[in-house]
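What follows is a short report on a single structure.
Any read-out appearing in this document is the output of simple, stated calculations on the displayed coordinates, not a laboratory observation. Model, not experiment: these values are computed from the prediction. Positions of Cβ are generated from backbone atoms using ideal geometry, with glycine treated the same way; all protein chains shown enter the neighbour counts.
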Amino acid sequence: MNTLTYKGYTARIEFDERDNIFVGRLLGIKDSIAFHADNVAELRLAFEEAVEDYLETCQTIGKSPEKPASGKLSIRVTPELHIRAMLKAQETGQSLNQWATEVLKQAAYN
């Protein structure tokens, strides 16, 4: 997946063959923010302008801008997986949160 990142916001980039343009959409927030451009340099500018416009609009209307991720993750697993994960964390001398963070980091970056 082709992405751009700016001020903590990430956009997915696609090429629209019909209109011969690059189209981007912000990921991870409920608000719908899209932008487009004819080339990569203009696309980056359009992306940054879209983020800045979003932040300014939120400030103007008194709304807190959405953040793509808070850093808090809540998941539901089976009791069996929960205990196995707790035991693995204890084996490594880590809390379950520390262990899970490391496992997720390895999976996300490999």
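Quick notes on this one:
- Straight-distance crosslink candidates among lysines, where the alpha carbon sits under 20 Å from Lys7 and sequence neighbours closer than 8 are dropped: Lys30, Lys63, Lys67, Lys72
- When only Cα pairs below 8 angstrom with a gap of at least 6 residues are kept, the chain shows a relative contact order of 16 percent.
- Prolate/oblate/rounded call for segment 11-52, Cα gyration tensor, a/c under 1.5 rounded: oblate
- For segment 1-39 and segment 77-110, distance of Cα centres in Å: 34 Å
- Extreme residue, positive dipole direction of the chain, given options Gly93, Leu55, Ile75 (C-beta unit charges): Gly93
- Ranked for footprinting exposure by Cβ neighbours inside 10 Å, fewest first, Arg18, Arg44 give Arg18, Arg44.
- Cβ-based exposure ranking for Lys72, Lys7, in which fewest neighbours within 10 Å come first: Lys72, Lys7
- For Thr10, the residues whose amide H sits under 5 Å from its own are Leu27, ignoring neighbours fewer than 5 places away on the same chain, with H placed 1.01 Å from N.
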